[in-house]
Amino acid sequence: MTALGVDTATEVLSLAAVSATGWGALAIRRGLQHSPALLPLVERLLTEVGLTASEIQLLVCSLGPGSFTGIRIGLSTILGISHATGAPVVGVATLDAFAEPWSGHDGAVFPVIDARKGRIYTARFEGGIRQGEYLDEPPARVRAMIEAAPRPLLAGPDAERIRVLLNLGPDHVKTSELVDPMSLLRIGTKRYTTEGADPARLRPLYLRKSEAEITSGM
């Protein structure tokens, strides 16, 4: 199945594409300045793998948690491509994608995202399966969860930064800042095969109110 995946929820912009003859992926740490580069990079990647927009059979987008603006940029871009091509869209949680490469880890995996304002987005995975809800927690709570877990591993582009923030020793907690853009496509393609594409599920995964909502009292 030909597919395109886009994740703009964090400081790392990641893209992946699969064509009938090959695949390609890229991950670039750009801060949160994804909007100017996104479409040119999508076009470049599609060209590299020999895929035209009209040939895409599935679109996969990260839904967050992460940057409110970043999530909206990625989702609006993917929905625009879907509107133009008719390709179905599947959404994937950012934390799921960060944890997926470590599904074989013999211990607990905590994908982590710096949520700003002194908080951390995370979830606990074991054997590739999420245990409990997606969380928006203060550092002390996250540290306690990690310290109580067997052979913990922090995953995602903010992993080392958060290990230092939590004052966790590298001998006790392993970290990986690997961002594998293909993980988004692996999860999305499997979900589409088993569940189809449900437009009702294409909503950003926000774990807190935005600044605008807080200011307006919504």
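The values are calculated or read from the model by the stated rules, or taken from the named source; none is laboratory data. Quick caveat, the model's predicted, so the values are computed rather than measured. Note that we place each Cβ from the backbone using ideal geometry, even for glycine, and neighbour counts take in every protein chain shown.
Here F98 clears all of (1) in a loop (DSSP other than H, G, I, E, B); (2) touching a residue at least 40 places away in the same chain (Cβ under 8 Å) except the condition numbered (1).
Among the residues of region 170-180, none qualifies, meaning not one is in a helix (DSSP H, G or I) and in the same structural domain as I113 (by TED's automatic domain parsing). Among the residues of region 139-169, those identified as out of contact with any Asp or Glu (no Cβ under 9 Å at 6 or more places or on another chain), assigned to a loop (DSSP other than H, G, I, E, B) and under 16 Å from D106 (Cα atoms) are A148, P152.
Restricted to region 1-44, and to residues that are basic (K, R) and without any contact (Cβ under 8 Å) to a residue 60 or more places away in the chain, which residue is farthest from P88 (Cα to Cα)?
So the first thing to find is which residues in region 1-44 are basic (K, R), and the list is 29-30, 44.
Among the residues that remain, those that are also without any contact (Cβ under 8 Å) to a residue 60 or more places away in the chain are: 30, 44.
Working: R30: 28, R44: 21 Å.
Result: R30.
Listed by position, the strands (runs of 3 or more DSSP E) inside region 1-88 whose residues that are in contact with an Asp or Glu (Cβ under 6 Å, 6 or more places away or on another chain) and closer than 29 Å to L135 by Cα number at least 1 are 12-18, 23-29, 58-62.
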